[in-house]
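The block underneath contains the structure these notes are about, expressed in C-alpha cells.
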C-alpha cells in the first residue's frame, strides 16, 4: 500500500489531503501518479513558490558562438593589420618631412651647402657619412628632440625590423652625391666605392642641384613597408621605399621605378652625373 507523507511539503503541495483525509491510489482521474506528485512538489517546493532552474549553453550553441567569433576575427584582423601598416607609412613619411626641414635649416646656416665631411666619419665602428648613423650628428641639433641610439626620434621608421644595434636605430640614408662633385660620382661605377677608398669630399650647394624634384636626397635603406626576403637596400631591385627629394617632397617608390645609377643599381649614392642627374622621372 502506498505510504503517505505527513511532511509539510506534501501538505503545501496538496492542501486537500491533510491529516485525516487518507491516501487514495486507485483513482487515476482524481490522483496524480507517485512520479507526478514528486515532480509537482519538487517544482513548487515547500512554500508553493516555483523554483527556477538555472539554464546553460548547449554544446551546439557554444560551437556556434565560437564559429561566429572566429569569422569576425578572420574579417577584422586583416583590416586591422592594413590600418596599422597605413599608420606606419604615415609616420615614416612624416619622419622624412621633418628631416627635410632640418636639412633646409642646416643649409640656411651653412651658406646653402649640404652636410659634408671626410669619410669615414667614424673608424670605431667604421661608417660613412651617407649611412644613417653617419649624417645623424649633422642634423640632430635641428630636430625637435635629442637624437641618439636610445632616442632615434624621426630617424627611425616604425616599420623597420632591423636589429637596432646594427645601424644604431637609424632607417634613412643620405645620398653620397650631395658631398661629392658630379665629376667624382661619374668615376665611381661600383657600390664598393661608396664604403672603400673614399674620394675627398666636396661640398655641394642647394643651387647646384639641377632637378630638385628628381634627385633623391635621403631615403629608407630597407624596404620596411613592403618586405623582401633578402633586402640589400639601395643595392637591389626589389622592394618599395619612402624617399625625400631635394625639393622637399616625399614619395613612396618601387626600386624598379628608380633610374639605374653608375653601378647599374637603384643607388641614389651614385646617380649618373651626381646632383646634376635624376633618380626618378615621374
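Read the figures in this text as sums done on the coordinates, not as results from a lab. As the structure is a prediction and not an experimental result, all values here were calculated from the model. In this analysis, Cβ positions are derived from the backbone assuming ideal geometry, glycine residues included, and neighbour counts consider all displayed protein chains.
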Proxy reagent accessibility, fewest Cβ within 10 Å first, across 92, 116: 116, 92
Ellipsoid equivalent to the range 213-282 - semi-axes via the Cα gyration tensor, in Å: 18, 14, 9
Stretchable slack from residue 105 to residue 145, in nm (0.36 nm times residue separation minus alpha-carbon distance): 12.9 nm
Spherically averaged projected area of the range 121-175 from its Cα convex hull (nm²): 3.8 nm²
Cα gyration tensor shape of the range 91-276, rounded if a/c is under 1.5, else prolate or oblate by comparing a/b with b/c: rounded
Percentage relative contact order, the range 91-276, counting C-alpha pairs under 8 Å, at least six apart: 24 percent
Inter-part distance where the range 220-239 and the range 80-152 are each reduced to a Cα centre, Å: 19 Å
Descending principal axes extents, the range 52-107, alpha-carbon based, whole Å: 80, 23, 8
Over 24 Å [Cα-Cα, the range 77-178], rounded percent: 27 percent
Dimensionless Rg/Rh of the range 103-152 - Kirkwood Rh, Rg from C-alpha atoms: 0.99
Inter-probe distance in nm under a simple model that places probes 7 Å from Cα toward Cβ, at residue 137 and residue 73: 5.0 nm
Additional length obtainable on full extension of the chain from residue 197 to residue 91, 0.36 nm per residue less Cα span: 34.5 nm
Efficiency of FRET between residue 264 and residue 207 - r from beta-carbon atoms, R0 35 angstrom, step 0.05: 0.75
